1. Could you give the C-alpha radius of gyration of the range 97-213 expressed as a fraction of 2.2 N^0.38 Å, taking N as the number of residues it contains?
2. Mind listing P(r) for the range 161-284? All alpha-carbon pairs, 10 Å bins, whole percents.
3. Relative contact order of the range 210-335, please, whole-number percent, based on alpha carbon pairs below 8 angstrom and at least 6 residues apart.
4. What is the Cα coordinate range of the range 146-232 on the first, second and third principal axes, sorted by size from largest, in whole angstrom?
5. Per-residue ellipticity at 222 nm for the chain, helices alone: DSSP H runs ≥ 4 residues times -39500 (n - 2.57), over residue total, nearest 500 deg cm²/dmol?
6. Using +1 on the beta carbon of Lys and Arg, -1 on that of Asp and Glu, and nothing else charged, what's the dipole of the range 29-187 about the Cα centre, debye to 20?
7. Under a 1.4 angstrom probe, counting protein chains only, how are His240, His334 ranked by accessible area, largest first?
8. Need one value: the accessible area of Thr224 in square angstrom, 1.4 angstrom probe, rounded to the nearest 10.
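The values are calculated or read from the model by the stated rules, or taken from the named source; none is laboratory data. Just so we're clear, the structure is a prediction, and the values are computed from it rather than from any experiment. Note: ideal-geometry Cβ built from the backbone for every residue, glycine included; neighbour counts use all protein chains shown. Surface areas here come from the heavy atoms of the whole protein model, side chains and all, with no ligands, DNA or RNA. Shrake-Rupley method; radii C 1.70, N 1.55, O 1.52, S 1.80 Å.
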Amino acid sequence: MTEHRPIPSTAPATGAPEIADLRVVYAGIGDDLAHERGVLEGWGVAGLELLEADPGDGSVDALVAAFADADAIVTEGLAITREVLERLPRLRAVALQSIGTNTVDLAAAAERGVAVSHAPGFCVDEVATHTVAMILDLARHVTRFDRRVRAGAWDPLDASLPMPRRLRGQRVGLVFFGAIPRAVAPLLHAFGLEVAVWAPTWSAEDLAAAGVTPVGSLDELLATSDVVSLHCPLLPSTHHLVGERELRLMRPSAALVNTARGEVVDEAALVAALRTGTIAAAAIDVIEDEDSGRTALAELDNVVLTPHSAFLSAESFVQAREMALACVVDVLVHGRSPRHEAPLPRTV
């Protein structure tokens, strides 16, 4: 476990607040707080008041109203911007039940002494297996055949579908090589697939030692892979990392898989590429407009779509919640930095 740094107190000059006065406000987590209350009891932590709040439409005013009395916020997808942080003077911690931290203005939080934590690694196995499931689906047309059978057509040689592909010998190109793609690689190897990786923070020697084929540029990876799978964080440098130009570099028979963040792909360009045959197919777990959940990708038969569910299992759901709660206890109860402190933004 990493050493925890003391956090400057935001308590009034008259002294630190009593622990019973500390409020932890949850929003958008998809469950009640019975589990968290039981965990606190098991840890022997008393005095934290756990509350649920309605984030409304997610606007600045709605979030400020929801979190007005919060000493800590626990959430996973709400936009905690600089303006929101500036209007919450009582706030001391934001705990995210997610790996990604792009929903929080980390620089603004640091300026205000607000500790931000996330849940690194909580869903590595889930996203890795979901990624592989999508690649298998793209090769074997599982969901496309399912739709046709349910519509009344029993025809394995459906002329509207390309012939399914044998996996062995094909190349899957992974964009970045963090914990999730490192878990994906051996699963793909088990099917006889070659795994190539473009990861600008890794040396070719280290990638080769990890058992994958290093590729020197994203362009080369796109041009030489049968399937390209995205595993990069959302940064200013990765926003629309794959757009019209990049899609034109891919093979007409190739497919794109995205279990990273929707904004990593220019969705309009992807829709156009799929409609015109620039690429053959896509499997997408994340879209650009997840607030509405609407995407033109849903209109296309050559797309497998899931609702940002790659992270989800009964086990990961609990693990992320307990990781977030532990970070809140670190800050509010022990006055130290959270054990899973979110790193400040970086560039590629």
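1. Ratio of Rg to 2.2 N^0.38 Å for the range 97-213: 1.45.
2. In order of increasing distance, the bins hold 14, 48, 33, 5, 0 percent.
3. 19 percent
4. Its Cα atoms span 51, 24, 23 Å along the three principal axes.
5. Helix contribution divided over all residues of the chain: -9500 deg cm²/dmol.
6. I would put it at about 1320 debye.
7. Ranked list, largest accessible area first: His334, His240.
8. 40 Å²
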